[in-house]
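Accompanying notes for the structure given below.
The values are calculated or read from the model by the stated rules, or taken from the named source; none is laboratory data. Source: prediction; values computed, not measured. Every residue, glycine among them, receives a Cβ derived from its backbone with ideal geometry; neighbour counts consider all protein chains shown. Accessible surface areas use protein heavy atoms only, side chains included; no ligands, DNA or RNA. Shrake-Rupley method; radii C 1.70, N 1.55, O 1.52, S 1.80 Å.
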Amino acid sequence: MAVRKKVVDLLATAPGEKVLAKGWVRTKRGNKEIAFIALNDGSTINNIQIVVDKASVPADLLAKVTTGACIAVEGDLVESPGSGQAVEIHACSIELLGECDPVRYPLQKKDTSFEYLRTVAHLRPRTNTFGAILRLRSQMAYAIHEYFHSKGFVYLHTPLITAADAEGAGNMFQVTTLPLENLPKDKKGGIDYSRDFFGRRTSLTVSGQLEGELGATALGEIYTFGPTFRAENSNTPRHLAEFWMIEPEMAFYDIKDNMDLAEDFIKSLVKYALQNCYDDVKFLNDRYDPELLGRLQGVIDTAFVRLTYSEGIKILEEAVAAGHHFEEPVSWGMDLQSEHERFLVEQHFGKPVILTDYPKDIKAFYMKQNADGKTVRAMDVLFPKIGEIIGGSEREASFEKLENRINELGMSHRTLEWYLDTRRFGSCPHSGFGLGFERLLLFVTGMQNIRDVIPFPRTPKNAEF
Ligand code: 4AD
Ligand code: MG
């Protein structure tokens with residue numbers, strides 16, 4: 001018996017071999033004498049065509065070779081006379097590994113909307129579209145590790161369970177083993193967290209940054225790459241309750257170095273997708289979004305625009321004066337909404353934008369304070385179709401200034417003592433940023449909804465599969 005070859009390799013093999021292929025049937029068609037089976041095993045967007053002489057395979061077996069069924073096919077790899085593929089397999093024998101009831105199989109031609117597929121998210125990886133997206137997701141993860149390793153960054157594993165609210169936004173999922181129906185109380189009548197599993201109140205992390213800073217101020221340059229959890233009740237096409245984030249953190253980088261790294265990083269990843277995942281990107285381009293390939297190339301070829309938040313607000317105010325309508329009125333000090341970010345990127349500049357120096361009141365406590373007393377050295381990278389894809393900053397390196405800000409915001413000093421030690425002992429200028437992995441994938445795949453670029457999305461009221 002021939003050794004199994006993946007479809008991606010079979011399609012690149014010269015005709016003339018005896019081969020064994022295994023996979024799931026995408027379609028079967030044919031006439032009285034011959035059946036044509038399109039077989040896919042997930043190794044590529046492309047199917048291999050199986051040609052079956054009906055006289056050589058039992059009719060009852062062939063009848064069970066339906067869409068979704070799993071089969072093993074042995075046969076001759078021959079040159080294909082049909083257009084669309086170089087080679088095809090002339091089957092000698094077919095083994096049915098797993099039947100698939102054609103009536104009950106949820107992936108029928110008739111309903112393939114993204115909304116429907118989310119209701120069968122456990123099976124949607126079997127579709128061409130999700131095959132392409134999930135391969136891209138895997139390749140992008142690999143590209144991220146390769147990028148940082150080639151630059152000598154240390155991959156730091158930061159904890160998922162934490163007592164600190166890194167972003168200070170208070171949207172954390174609590175982690176507890178306390179009995180919810182009978183909570184232990186302390187003397188003041190509050191919940192006695194000393195009786196909880198960790199002896200304190202803990203949550204799932206919203207960011208690995210604070211621990212990342214511990215790494216950077218010891219190892220120089222680190223990055224984290226892991227799941228992140230936010231209990232923000234925002235049911236938008238760009239928010240997940242569980243998403244993956246990449247957070248590089250670098251000693252001795254100022255905000256300019258930080259911006260340079262962010263721009264180079266994201267361009268390298270897009271370039272990687274075009275070079276290494278072209279078939280999948282092309283498939284998504286041709287099926288859903290004819291401007292996708294152009295948009296990706298565009299990002300690689302253009303220098304990102306850099307301007308301050310205040311300059312951005314001025315442009316938005318001028319747009320309003322000229323008659324443009326925003327849902328959320330524009331004024332200095334506001335948190336920019338996606339409509340504002342996309343106006344700057346898509347309508348005003350026509351290229352990615354890095355906005356810096358935001359008002360301190362809408363940014364996290366750890367950002368370096370500017371001399372004006374009003375703004376901090378933040379940087380958000382804004383992308384076409386997405387809005388914010390990266391958020392980062394230079395960090396406040398002064399112990400006094402950082403401590404004052406923590407007090408000003410009424411944050412818990414106690415849970416941040418370990419973090420303050422980075423500024424107590426050998427503090428250094430440093431910077432970092434966070435790239436939302438799924439936001440990157442939205443850009444690279446051209447998908448419209450973030451639920452469609454993660455295998456098993458977690459959003460408000462949705463944790464099935
Ligand atoms: O801007 P954010 O909140 O920044 C931080 O968490 C910093 N600690 C990063 C750092 O400086 N090390 O989040 C960073 C990025 C956003 O730009 C966005 O791409 C993504 O994470 N993001 C989300 N992606 C999906 N769903 C959500 N709910 C997200 N919230 C943030
Ligand atoms: Mg942000």
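For this structure, a couple of remarks:
- Any hit, segment 412-421, residues being on the phi > 0 side of the Ramachandran plot, more than 16 Å from ligand 2 (Cβ to nearest atom), open to solvent by 60 Å² or more (accessible area, probe 1.4 Å) and assigned by TED's automatic domain parsing to the domain that holds residue 444: no
Here is a yes/no grid of residues against (1) open to solvent by 50 Å² or more (accessible area, probe 1.4 Å); (2) more than 14 Å from residue 131 (Cβ to Cβ):
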| residue | (1), (2) |
| --- | --- |
| 14 | yes, yes |
| 24 | yes, no |
| 35 | no, yes |
| 42 | no, no |
| 45 | no, no |
| 53 | yes, yes |
| 57 | no, yes |
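- Residue 255 meets all of the listed conditions (1) β-branched (Val, Ile, Thr); (2) touching a strand residue (DSSP E or B) at 6+ places or on another chain (Cβ under 7 Å); (3) open to solvent by 40 Å² or more (accessible area, probe 1.4 Å) but one, namely (3).
- Filtered residue count, segment 374-389, keeping only those that are within 28 Å of residue 243 (Cα to Cα) and either more than 16 Å from ligand 1 (Cβ to nearest atom) or open to solvent by 30 Å² or more (accessible area, probe 1.4 Å) (or both): 3
- Some residue of segment 347-357 being part of a loop (DSSP other than H, G, I, E, B), touching a helix residue (DSSP H, G or I) at 6+ places or on another chain (Cβ under 7 Å), of a type outside the set (A, V, I, L, M) and within 23 Å of residue 253 (Cβ to Cβ): yes
- Condition check for residue 392: within 16 Å of ligand 1 (Cβ to nearest atom) and open to solvent by less than 50 Å² (accessible area, probe 1.4 Å): yes
- Residue count for segment 214-246 satisfying the condition of being farther than 15 Å from residue 389 by Cα and of a type in the set (Lys, Arg): 1.
- Residue 83 vs. criteria within 38 Å of the chain's Cα centre (by Cα) and either open to solvent by less than 50 Å² (accessible area, probe 1.4 Å) or modelled with pLDDT of 95 or more (or both): no
- Check on residue 390, modelled with pLDDT under 95 and within 16 Å of ligand 2 (Cβ to nearest atom): no
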